[in-house]
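Just so you know, all these numbers are worked out from the coordinates, no wet-lab data involved. Computed from a predicted structure; not experimentally measured. Ideal geometry is used to build each Cβ from the backbone, glycine not excepted, and the neighbour counts take in all protein chains shown.
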Amino acid sequence: MSKSNQVLEEITSKEYEHGWTVNLEADEAPMGLNEGTVRFISAKKGEPEWLLEWRLKAFRLWQKMIEPTWPNVTYPSIDYQNIIYYSAPKKKANLNSLNEVDPELIKTFEKLGISLTEQKRLTGVAVDAVIDSVSVATTFKEKLSELGIIFCSFSEAVREHPELIKKYLGSVVPINDNYFAALNSAVFSDGSFCYIPKGIRCPMELSTYFRINAANTGQFERTLIVADEGSYVSYLEGCTAPMRDENQLHAAVVELYTMKDAEIKYSTVQNWYPGDKNGKGGIYNFVTKRGLCFGDRSKISWTQVETGSAITWKYPSCILKGDNSVGEFYSVAVTNNYQQADTGTKMIHIGKNTRSRIVSKGISAGKSQNSYRGQVHVMKRASNARNHSQCDSLLMGDQCGAHTFPYIDVENNSARIEHEATTSKIGEDQIFYCLQRGIDEEAAVALIVNGYAKEVLNQLPMEFAVEAQKLLALTLEGSVG
Amino acid sequence: MGPNGSGKSTLASVLAGREDFEVTQGTVDFLGKNLLDLSPEDRAREGIFMAFQYPVEIPGVSTINFMKSAINQIRTYRGQQVLDAVSFLQLMKEKMKLVEIDQSLLSRSLNEGFREVKRNVMKFFRWPCSNPSSLSLMRQTRD
């Protein structure tokens, strides 16, 4: 075995950092899924009749749908009756302040480096923390509400702002959109809701932190962000889960809605447990993320750094309906060991002069498979649409795979579409050059990989960029072939 | 020095510790240590500096970032204190004056898009910064 392969072995066998669990008393639904489960969840949340009906409709549709087989991933079939669909840390009837939150919970998030006590928080980030199925705390709420910004858990939004939820829930991702979105619509338990009123520029980053704790549960959260005319918000999402031998399902739906001149910037650092180095365990991350640029000159920008999960299936997309609207997708997807990722985006150009930009950087190591799947669709009416796609793949070692599946449909001949793709390996020359300047192999790979992903990492807000860089280095240092 | 094909590059590569070569016998004594016992990065930290005729490009990695990693790893190896951002920049400024290069080059990606002359200037810039005790220059001729 060559030296570089040894280093690859050592580094890639590095343990997952967030693999611990805590003992939280949980309130759970019985295992399995039927109409009763849907009613149980809805009743637990004290939901209005219309929402229960909406869930049931989704459930009935889901029963008739079949799991998609087109993604370039393989996994044993999921037994949907062997999952707990609702698990909530037990809490006192009503939480008035953070002082009443279970100290175990606060400790959990502190361990993750997220302090829920506001005075300790980095100024400039408001957090909604979701553990298993429910949101446990939202910080900086009052300060935001002075500006008319609503930022709260999904359940709270259903109670406090039913008119907004009724209007926008499912408006971007309809309940029958796909198998996992339908499942989520039936059993989603919590998530975040955010509304930015007209002309308001949200003064701080809003952030949701997802954590799966309980065993055998699935996490099905929903995020809905509505940006009214001329408003702006930057939103961050982070996630971790304990190490477990069995696979756990995470099927989320994220809907973004921008009106005239509004902008949403959505950043994700996804670090779900990827499974061990033999491919045992890990999260199945089947997520539907979509944004609707409804108004003219609106803009949606997705940035994702995907390092975790046994399987990732996700395509954050933009529907460019408003004239002159803009969609962006920046992605770094890293797979190692036996991880599989099939991720990319869809840019649907409907309005005139719409523009989209795709920058995808895949990095595969170990025995992993990494696929980019992206669609650019220019509709008849979308004159002067522009798209530029750039898909780069970086391979480490000789047992992994990188795949690219671009789909381009153009129905208007004034469109201009560009697609660039490269595949490369980290060169021995590059490594040797670094070694010869006194930089060890681990640091060299971290430098090269971060350089490769720089264009995407630069899109992330400052605190996130630092975390993402560390995460990339941790997952991949030394993986040279 | 020597004619083409006489083994200058091979010798330099062997001394620097390129994996492509296997040393079957002998020792290389360098300031009291046997180089062959050391990994390539430790040889560099001991003071072996090899100037590449065609330095590789590393896209997205700025020269300044690269230099900082290199210098601090060398300093740690030599038991010196790691330089903080301020003193590092100061050092850079001094050395830049020495070889008369422009500050804007520091934030450019490593060797990317440099013409040969510039690459060579940058190479001689990196050399005094890492404070080596020996320098081997390789001048290969292109066919």
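Which entries of A:Lys470/B:Lys97; A:Lys321/A:Lys425; A:Lys57/A:Lys352; A:Lys141/A:Lys166; A:Lys141/A:Lys454; A:Lys198/A:Lys321 show an alpha-carbon separation above 31 angstrom in the structure shown?
From the list (A:Lys470/B:Lys97; A:Lys321/A:Lys425; A:Lys57/A:Lys352; A:Lys141/A:Lys166; A:Lys141/A:Lys454; A:Lys198/A:Lys321), the Cα-Cα distance tops 31 Å for A:Lys470/B:Lys97; A:Lys321/A:Lys425; A:Lys57/A:Lys352; A:Lys141/A:Lys454.
Restricting to Cα pairs below 8 Å that are 6+ residues apart, what does the relative contact order work out to for the range A:222-327? Please round to a whole percent.
Answer for the range A:222-327 is 29 percent.
Can you tell me the mean projection area, over all orientations, of the convex hull of the range A:393-452's alpha carbons? Units nm², please.
Values: hull surface 23.3 nm².
Projected area, direction-averaged: 5.8 nm².
Note: the range A:347-481, Cα convex hull, 113 Å³ per residue.
How many percent of all Cα-Cα pairs in the range A:263-383 sit more than 23 Å apart? Summing the P(r) of the range A:263-383 above 23 Å gives 34 percent of all pairs. Net charge of the neighbourhood of A:Trp313, taken over other residues with C-beta under 13 Å away and scored Lys/Arg +1, Asp/Glu -1, is 0.
Using a 10 Å cut-off around each Cβ, can you sort A:Trp54, A:Trp302, A:Trp70 from fewest to most neighbouring Cβ atoms?
Ascending number of Cβ neighbours within 10 Å: A:Trp70, A:Trp54, A:Trp302.
Near the amide H of A:Gly191, within less than 5 Å, lie the amide hydrogens of A:Ser135, A:Phe154, A:Ser155, A:Arg222, all on another chain or at least 5 residues away, with H placed in the peptide plane.
For the range A:141-220, a simple Cβ point-charge model (Lys and Arg +1, Asp and Glu -1, everything else neutral) yields a dipole of about 100 debye relative to the Cα centre. You can think of it this way: the chain between A:Arg201 and A:Glu53 has 49.7 nm of extra reach, that is 0.36 nm per residue less the Cα-Cα gap.
Cα extents for the range A:26-93 along the principal axes, largest to smallest and rounded to whole angstrom: 45, 27, 17. Positive end of the dipole of the range A:282-410 (Cβ unit charges, origin at the Cα centre): among A:Val334, A:Asn387, A:Gly397, the Cα lying farthest that way belongs to A:Asn387.
Around the amide H of A:Cys391, modelled in the peptide plane, lie the amide H atoms of A:Ser360, A:Glu420, A:Ala421, A:Thr422, all under 5 Å away and 5 or more residues distant in sequence or on another chain.
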